[in-house]
Structure formats: structure tokens, C-alpha cells
Amino acid sequence: DTEVTQTPKHLVMGMTNKKSLKCEQHMGHRAMYWYKQKAKKPPELMFVYSYEKLSINESVPSRFSPECPNSSLLNLHLHALQPEDSALYLCASSQVGQGGDIQYFGAGTRLSVL
Amino acid sequence: SQQGEEDPQALSIQEGENATMNCSYKTSINNLQWYRQNSGRGLVHLILIRSNEREKHSGRLRVTLDTSKKSSSLLITASRAADTASYFCATDSSGSARQLTFGSGTQLTVLP
């Protein structure tokens with residue numbers, strides 16, 4: 001199983017809403033990632049978890065709150081977002097150590113903030 | 001911040017032709033990867049080349065790496081309509097395998 005599953009596929013939310021994006025993998029990977037991708041742009045790294053601990057936070061605004069409850073799950077909690085936060089949010093996972101260079105991506109959550 | 005620039009930004013070819021995409025980067029790397037993204041979907045890893053390698057092949061893909069010029073190229077031979085996608089190079093410029101920086105991408109369209 002080389003699949004990373006993201007839910008929901010699409011999400012529309014108002015600026016005062018609280019919502020969560022979910023990501024799941026069963027490949028035994030111990031590194032998980034959140035990326036943000038705007039249209040016609042490359043993915044931009046937001047957060048990296050390694051062994052369920054936050055290891056990289058690329059100066060992301062606090063309205064984005066990541067959580068890694070266990071080695072298979074990664075959440076991104078959203079609160080008080082702005083319209084410019086509308087984007088495709090991608091989750092990825094990889095091994096740690098040997099072979100850890102290759103990342104496996106989910107299909108993404110298309111987020112629209114009204 | 002963006003590590004790499006890719007050119008061309010867009011490329012349109014006929015089925016059966018070869019497609020070449022180029023990537024340039026700014027800082028030293030341990031490896032460079034190429035990923036493919038179909039419209040609005042996740043990225044799929046294609047090939048990885050390490051800094052001590054100059055050329056690598058995988059099926060119809062050929063990747064070259066010139067660390068002196070800080071550049072890489074991806075060649076897709078005998079292209080198919082199904083190869084239509086965006087192609088991104090990615091580098092571990094920070095020295096951390098888990099901190100990939102993606103290039104600006106090339107949108108490839110293969111016409112049947």
C-alpha cells in the first residue's frame with residue numbers, strides 16, 4: 001500500500017469557521033508533511049513531523065495548527081482563515097533515514113475560504 | 001523560498017516526440033528529484049539522482065545532473081498523451097532530506 005489518503009477532497013469555509021484536514025498513511029513512514037500549493041505554483045512546505053514530533057515549521061501563521069496524533073495520522077486544524085489561504089493543501093509522507101528522500105503525496109484537499 | 005527555476009514554463013509537443021525540461025538551483029545539494037503532478041492532484045515521484053551521479057535512466061525517463069552548473073534536465077522519450085502534466089524538480093537544499101524545495105515547474109502538454 002503506497003497510498004496517502006486525504007480528506008476531505010474539497011472544503012469551503014467562512015473566515016470564522018474552524019475545520020480540520022486529515023491525512024492518513026499505512027506505509028510505516030515516520031515523517032509526514034503539509035504543503036500549500038497555489039494555482040500554477042510549486043508546493044510550499046508548511047510543516048514537517050518526524051516521529052510524531054514537529055521538526056520544521058516554515059513560519060506558518062498560527063491560524064494553521066498541525067497535529068500528529070499517531071504515526072499514521074496527520075491533521076491540520078484551520079481557524080479564522082483568510083481568502084488568500086485558499087489553495088490545494090497536500091499531505092506527504094516518507095521514511096526516516098535510508099530511503100527517506102522520496103515523498104509520497106496524497107491527492108490533496110482543495111480549500112476555498114469565503 | 002524557491003530554490004529552483006525550471007524552463008520552459010510550458011512545453012507543447014506531439015505524441016511520439018521527446019520532451020526536455022531543465023531545472024537550475026542555487027545551493028549545493030545531496031540529491032535532486034523529479035516529480036509529476038496531474039492537474040489538481042498530488043505529486044508522484046519519478047526519479048532521484050544523487051549529487052555524485054551524472055545520469056540516470058528509468059524507463060522512458062533520462063535525468064542528468066551537472067553540479068558544477070547547478071542544473072538538471074529531465075528527458076521524456078517517445079511521449080504519450082498521458083504524459084501531459086506539470087513536472088517539478090525538487091532539491092534538499094537545506095541539507096535535510098525532509099526539507100524539499102520545489103522548482104517553478106514545467107507544464108507539459110502532449111498532443112495526440
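The values are calculated or read from the model by the stated rules, or taken from the named source; none is laboratory data. Given the structure is predicted, the values throughout are model-derived calculations rather than measurements. Methodologically, a virtual Cβ is constructed for each residue, glycine included, from the backbone with ideal geometry; neighbour enumeration extends over all protein chains shown. Protein only, heavy atoms only, side chains kept; ligands, DNA and RNA dropped before computing areas. Shrake-Rupley method; radii C 1.70, N 1.55, O 1.52, S 1.80 Å.
Looking at the stretch A:47-88 only, could you name the residues that are open to solvent by less than 10 Å² (accessible area, probe 1.4 Å), more than 11 Å from chain B (Cβ to nearest Cβ) and either among the aliphatic types (A, V, I, L, M) or assigned to a loop (DSSP other than H, G, I, E, B) (or both)?
If the condition is that a residue be open to solvent by less than 10 Å² (accessible area, probe 1.4 Å), more than 11 Å from chain B (Cβ to nearest Cβ) and either among the aliphatic types (A, V, I, L, M) or assigned to a loop (DSSP other than H, G, I, E, B) (or both), then A:Leu74, A:Leu76, A:Leu78, A:Leu81, A:Ala87 are the ones that fit.
In the stretch A:89-114, which residue that is open to solvent by 20 Å² or more (accessible area, probe 1.4 Å) and small (Gly, Ala, Ser) is farthest from the other protein chains (Cβ to nearest Cβ)?
So, considering only residues that are open to solvent by 20 Å² or more (accessible area, probe 1.4 Å) and small (Gly, Ala, Ser), the one farthest from the other protein chains (Cβ to nearest Cβ) is A:Ser112.
Looking at (1) away from chain A (no Cβ under 13 Å); (2) assigned to a loop (DSSP other than H, G, I, E, B), which is the only condition B:Thr109 fails?
Against the list (1) away from chain A (no Cβ under 13 Å); (2) assigned to a loop (DSSP other than H, G, I, E, B), B:Thr109 comes up short only on (2).
Taking B:Ser86, is it in a loop (DSSP other than H, G, I, E, B), within 14 Å of chain A (Cβ to nearest Cβ) and within 13 Å of the chain's Cα centre (by Cα)?
Answer is no for this residue.
Can you name the number of the only condition in (1) charged (D, E, K, R); (2) loosely packed, with under 15 Cβ neighbours inside 10 Å; (3) within 14 Å of chain B (Cβ to nearest Cβ) that A:Lys36 fails?
All conditions are met except number (2).
Counting only residues that are open to solvent by less than 20 Å² (accessible area, probe 1.4 Å) and under 15 Å from B:Glu6 (Cα atoms), give me the strands (runs of 3 or more DSSP E) lying completely in the stretch B:18-64 with at least 3 of them.
On the way: elements: B:19-24, B:31-37, B:43-50, B:55-58.
Answer list for the stretch B:18-64: B:19-24, B:31-37.
Tell me which of these B:Ser79 doesn't satisfy, since it passes every other one: (1) part of a loop (DSSP other than H, G, I, E, B); (2) open to solvent by 20 Å² or more (accessible area, probe 1.4 Å); (3) away from every other protein chain (no Cβ under 14 Å).
(2)
Could you say which residue among A:Leu74, A:Leu78 is modelled with pLDDT of 95 or more and within 25 Å of A:Leu114 (Cβ to Cβ)?
Every option except A:Leu78 fails the conditions.
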